[in-house]
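Asker: Have a look at the structure that comes next, please.
The values are calculated or read from the model by the stated rules, or taken from the named source; none is laboratory data. Computed from a predicted structure; not experimentally measured. Here the Cβ positions follow ideal geometry from the backbone for every residue, glycine too, while neighbour counts run over all protein chains shown.
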Amino acid sequence: MGTTQLALSLAGGALLAMAAIAPAYSQPIQNVVIVHGALADGSGWRRVHDLLKAKGFKVTVVQPPMTSLKDDVAASKRILDLQDGPSVLVGHSYGGMVVTQAGSAENVAGLVYIAAFQPDEGENLLDLAGKTPPATTGIKATADDYLYLDPEVYAADFAADVPKAEAEFMAASQVLPSKASFEAKITQPAWKAKKSWALIATEDRAIHPDLMRSMAKRAGSTVKEIKASHALFMSQPAAVADVIETAAKALSK
């Protein structure tokens with residue numbers, strides 16, 4: 001093989017490899033899959049769902065069982081498999097752990113972290129949470145090692161900018177994750193291969209804002225900050241929907 005032929009062959013191989021890593025989407029990305037975090041459930045995302053749906057997106061909210069990280073990833077991939085075309089995968093809080101692992105699926109175009117954990121390989125939620133002073137001391141454990149946020153501090157630490165009656169209902173209906181979910185380590189961080197966005201809640205008392213900033217910087221995420229509590233999907237739905245829409249449009253180019 002001559003020098004020119006070799007160069008063309010290598011160039012062609014490089015282009016094929018780039019195409020495999022970063023596929024081009026000829027059609028606008030319309031699918032949004034949301035993985036809610038622990039201590040809440042998917043119903044709190046109704047406002048975000050409705051805003052995105054009004055803009056033409058198909059929005060699906062995963063209801064992970066919270067029994068283990070493995071089970072939650074499987075539940076998310078099950079929903080991703082039902083989508084027609086590529087999806088933007090969104091995670092809130094512990095949901096960031098889930099989407100980081102599940103986001104390696106081929107039909108995930110990119111990731112959006114909403115006041116979420118962004119772990120690296122070999123990290124678990126407890127490792128990350130221990131890197132900064134605890135934002136809340138209200139996490140309690142049941143006899144069988146499931147976790148909940150003390151209802152007495154739920155509003156202040158999780159949903160300070162949500163109307164009192166709604167915050168009280170959230171406390172009464174919170175989904176308890178297993179401690180094992182928080183101990184499970186990430187094996188394949190999707191943000192290393194895919195573009196990501198991060199919305200940081202500066203008044204967050206569930207995840208320290210400085211921790212969110214450092215994780216987003218490490219991941220090379222496009223970052224936006226907003227004055228909001230951890231429950232910003234309820235108190236600031238328009239801002240949350242805007243970041244998701246921005247990601248979808250950027251990934252469609």
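Asker: Of all residues being surrounded by fewer than 17 Cβ atoms within 10 Å (Cβ to Cβ) and of a type in the set (A, V, I, L, M, F, W, C) in region 177-199, which is farthest from Arg218 (Cα to Cα)? Just the residue, please.
Answerer: Residue satisfying both the conditions and the ranking: Ala180.
Asker: Just to be sure I understand, how many residues within region 14-52 are within 15 Å of Ala241 (Cα to Cα) and either at pLDDT below 95 or in contact with an Asp or Glu (Cβ under 8 Å, 6 or more places away or on another chain) (or both)?
Answerer: 3
Asker: Would a scan of region 84-91 turn up a residue that is surrounded by fewer than 17 Cβ atoms within 10 Å (Cβ to Cβ), in contact with a strand residue (DSSP E or B) (Cβ under 8 Å, 6 or more places away or on another chain) and within 29 Å of Lys253 (Cβ to Cβ)? Step through it out loud before you land on a result.
Answerer: The initial filter retains those residues of region 84-91 that are surrounded by fewer than 17 Cβ atoms within 10 Å (Cβ to Cβ), namely 84-85.
Checking the rest, the ones that are also in contact with a strand residue (DSSP E or B) (Cβ under 8 Å, 6 or more places away or on another chain) come to 84-85.
Next cut, within 29 Å of Lys253 (Cβ to Cβ) only: 84-85.
Yes, some residue in region 84-91 is surrounded by fewer than 17 Cβ atoms within 10 Å (Cβ to Cβ), in contact with a strand residue (DSSP E or B) (Cβ under 8 Å, 6 or more places away or on another chain) and within 29 Å of Lys253 (Cβ to Cβ).
Asker: Six or more apart or on different chains, Cβ atoms under 8 Å: show the pairs whose first residue is in region 30-43 and surrounded by fewer than 22 Cβ atoms within 10 Å (Cβ to Cβ) and whose second is in a helix (DSSP H, G or I).
Answerer: Cβ pairs passing all conditions: Gln30/Ala248.
Asker: Do we find that Ala11 is within 19 Å of Ala247 (Cα to Cα) and at pLDDT below 95 in this structure?
Answerer: Numbers: within 19 Å of Ala247 (Cα to Cα): no; at pLDDT below 95: yes.
No, not satisfied.
Asker: Consider Pro133 against the criteria (1) out of contact with any Leu (no Cβ under 7 Å at 6 or more places or on another chain); (2) part of a helix (DSSP H, G or I): it satisfies all of them except one. Which criterion is unmet?
Answerer: (2)
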